[in-house]
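The values are calculated or read from the model by the stated rules, or taken from the named source; none is laboratory data. Because the structure is a prediction, the values reported are computed rather than measured. Using ideal geometry, Cβ is built from the backbone for each residue, glycine included, and neighbour counts are taken over all protein chains shown.
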Amino acid sequence: MHDYPGQSATAEQGWLKAHKWLILRRTSQLGLLGLFLLGPIAGIWLVTGNLSASMTLDALPLTDPLLLAQSMLSGSLPVMSGLIGALIVLAFYALVGGRVFCSWVCPVNLVTDFAAELRRRWAIRASGRLSRQLRWWLLGLVLLFPLATGLMAWELVNPVTMMHRGLVFGGLWGMGLAWLVIAAVFLYDLFLVRRGWCRHLCPVGAFYGLIGAGAQIRVTAARREHCDDCMDCFEICPEPQVIKPALKGASLGLGPVIRSQDCTNCGRCIDVCSKDVFRFRLGRGSAVLPAAPASETAAVTAAIRRSSSRQSNRSGNPPISRSSNRSIHLTHSNAGNSANASTNATH
Amino acid sequence: MNRRDFVLGSLRTAAGVGLLGLGLGLYSRQASSLPAWALRPPGALDEDRFNGACIRCGLCVRDCPFEMLHLARLEQPIPTGTPYFIARDAGCEMCEDIPCVVACPTNALDHALTDINDADMGLAIVSDQEACIAFQGLRCEVCYNICPLRDDAITLDLEQNLRSGKHARFIPVVHSEHCTGCGKCEEACILDEAAIKVLPRHLIQGELGKHYRLGWEQQQQAGGALVAPDAEHRYNLPEGMRYEHGGEGLIEDSTPFPSNPLDTLNKP
């Protein structure tokens, strides 16, 4: 019945409404790139540097905290401007959602979104199986390298910074062989693993996810009772596992807010849903519905464990202790958020 | 997922990541070596530490008013994304306020560097005396004249031109304690291929053994001989002769022309 996700939303609510967040997101991605390119192309230097570290209007320093962390782990003391820049970035993404970087800023997202779109259009279903935990291992590796060898090894191959740096410092035709790396990411996403780069491998995204674990801007399946199981949101979502507990967890007593740090806040689920199930909200909400009696907490915990068993562990503990950790965390948030949760119920 | 699946899955992931790490580690060793023809901006830490500290943001490149810094691209044999310059293309102009160092958000360009004359980007060397026209006895002195630390980092030493026998040669001599390696001399060298080059200091600078003492310096410091009093050298020369140390050699001790001209004529 569907040719593509968002078809019925487009038909019922118009093209613009069904692409609102996508348009905003592309505007943000291309606009930021444009700001960086304004200097080298037009000589208007509003922003210098690149996503690794930049200086806006000679006043606002911004530094990638992951890169500064690597730099410091290699044994180098930071400079005040770099440190302030990293703190600003940390604070921003901690508030709006870490992986907002991925969907609203990162230039590689343009490539991987394109690959995902082609995958849908060409109906490429085959996909290699890859653990989503790989990105955590890679993040560990990225941080271990400067510590162990004193070299920032990851930056020699990092497609994210390579693409942005290549575009800003070389232009489309001046980025040299970095194109090959970007093309490799594209082809890998297109033919080998669905959403293989951003969802499974990218340690930069994993790091930003970690930053935004407690972010205050979230997508919520506020009208989930209107869901007609068209599956469009799952189809379009770059991290579909985050939707399920929020959208389908009502019977298990789970709250409607998507609380996973993997959610990129891209808003595509809001776009493609013809029933207006999703919307952005302020605040993290609570994991469980207030209606769930205390005696059912264990069942709820088990349910969460089932529905989001792949959810990466925030605390960085070895996976084997994850479930016990999570249940402790839940009982705490249960008690602490009971007031908050009662307001949730009205949504 | 049972325990067996979990352990095996984790092991598989760990093995894959380990292989990846090994590959990246080996590649990083290769990819982190800087070729001698690429120089780092002023204040750069030594190469190994620089490769750990630099976050490849290019702020130094952007803040250089002379646009002589570049960021390395993937296909170049320079650590990807790090800043470099090529002296022959454009040397460092040695700005007094060192904007590149000020812009650096890490200490990859050491913020302790506040006097550009203390910078150490490399060391100039007159690498080809056969090609340098000063050694042919021609007047050039371009490297000397363009040096920001002229008369300190480069001096012209006068030598006799043995070919013509009557001219001087103005030989450029680099002094390692003052040279900052800015590369202006290499940039300005008039030859098709520069005869003076700026290279990483460790590649060209020699070092005297720590135990080594130069006798005349020790003597000067001590104000006299250190082992035994210097004996006055006694020459055993034919009578009436003496040894002239200025280059004349063995000469007669007397005036060349005695007051009586017959003495000269009757000399055996």
Quiz item: How many of the residues making up the range A:249-276 are on the phi > 0 side of the Ramachandran plot and touching a Leu at 6+ places or on another chain (Cβ under 7 Å)?
Solution: 1
Practice problem: Could you please give the count of residues in the range A:15-49 that are closer than 20 Å to residue A:117 by Cα and modelled with pLDDT under 85? | Solution: 1
Quiz item: Hey, any hits in the range A:180-191 for a residue that's within 25 Å of residue B:54 (Cα to Cα), at pLDDT below 90 and not β-branched (Val, Ile, Thr)?
Solution: yes
Exercise. Residue by residue through the range B:73-89, note down the ones that are closer than 22 Å to residue A:166 by Cβ and under 22 Å from the mean Cα position of the chain (by Cα).
Key: B:78, B:83, B:84, B:85, B:86, B:89
Quiz item: Residues A:43, A:97: which one is away from chain B (no Cβ under 14 Å) and over 28 Å from residue A:183 (Cβ atoms)?
Solution: A:97
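Give me the residue from the range A:119-156 that is assigned to a loop (DSSP other than H, G, I, E, B) and among the hydroxyl-bearing types (Ser, Thr, Tyr) and, out of that set, nearest to the other protein chains (Cβ to nearest Cβ).
A:131
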Quiz item: Are there any pairs, at least 6 apart or on different chains, whose C-beta atoms fall under 8 Å, with the first in the range B:204-228 and at pLDDT below 85 and the second hydroxyl-bearing (Ser, Thr, Tyr) and assigned to a helix (DSSP H, G or I), and if so, which?
Solution: none
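Out of the residues in the range A:36-59 that are touching a helix residue (DSSP H, G or I) at 6+ places or on another chain (Cβ under 8 Å) and part of a loop (DSSP other than H, G, I, E, B), state the one that is surrounded by the most Cβ atoms within 10 Å (Cβ to Cβ).
A:52
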Quiz item: Of all the residues that make up the range B:59-89, how many are aliphatic (A, V, I, L, M), assigned to a loop (DSSP other than H, G, I, E, B) and at pLDDT 90 or above?
Solution: 4
Practice problem: Kindly indicate which of A:68, A:95, A:33 is surrounded by fewer than 21 Cβ atoms within 10 Å (Cβ to Cβ), more than 27 Å from residue A:259 (Cβ to Cβ) and aliphatic (A, V, I, L, M). | Solution: A:33
Quiz item: Checking residue A:209 against (1) within 21 Å of residue A:50 (Cβ to Cβ); (2) among the small types (Gly, Ala, Ser); (3) out of contact with any Leu (no Cβ under 6 Å at 6 or more places or on another chain), which single condition isn't satisfied?
Solution: (1)
Quiz item: What residue, of B:34, B:20, B:24, B:8, is part of a loop (DSSP other than H, G, I, E, B) and either more than 7 Å from chain A (Cβ to nearest Cβ) or modelled with pLDDT under 90 (or both)?
Solution: B:34
Quiz item: Based on what the data block shows, is residue B:92 crowded, with 22+ Cβ neighbours inside 10 Å, among the hydrophobic types (A, V, I, L, M, F, W, C) and either at the interface with chain A (Cβ under 7 Å from one of its Cβ atoms) or in a helix (DSSP H, G or I) (or both)?
Solution: no
Practice problem: Report yes if some residue within the range A:56-67 is free of Cβ contacts under 8 Å to residues at least 24 places away in the same chain and within 7 Å of another protein chain (Cβ to nearest Cβ); otherwise report no. | Solution: no
Quiz item: Across the range B:44-58, what is the total count of residues that are more than 7 Å from every other protein chain (Cβ to nearest Cβ) and acidic (Asp, Glu)?
Solution: 2
Exercise. Determine whether the range B:106-123 contains at least one residue that is within 26 Å of residue A:170 (Cβ to Cβ) and surrounded by fewer than 23 Cβ atoms within 10 Å (Cβ to Cβ).
Key: no
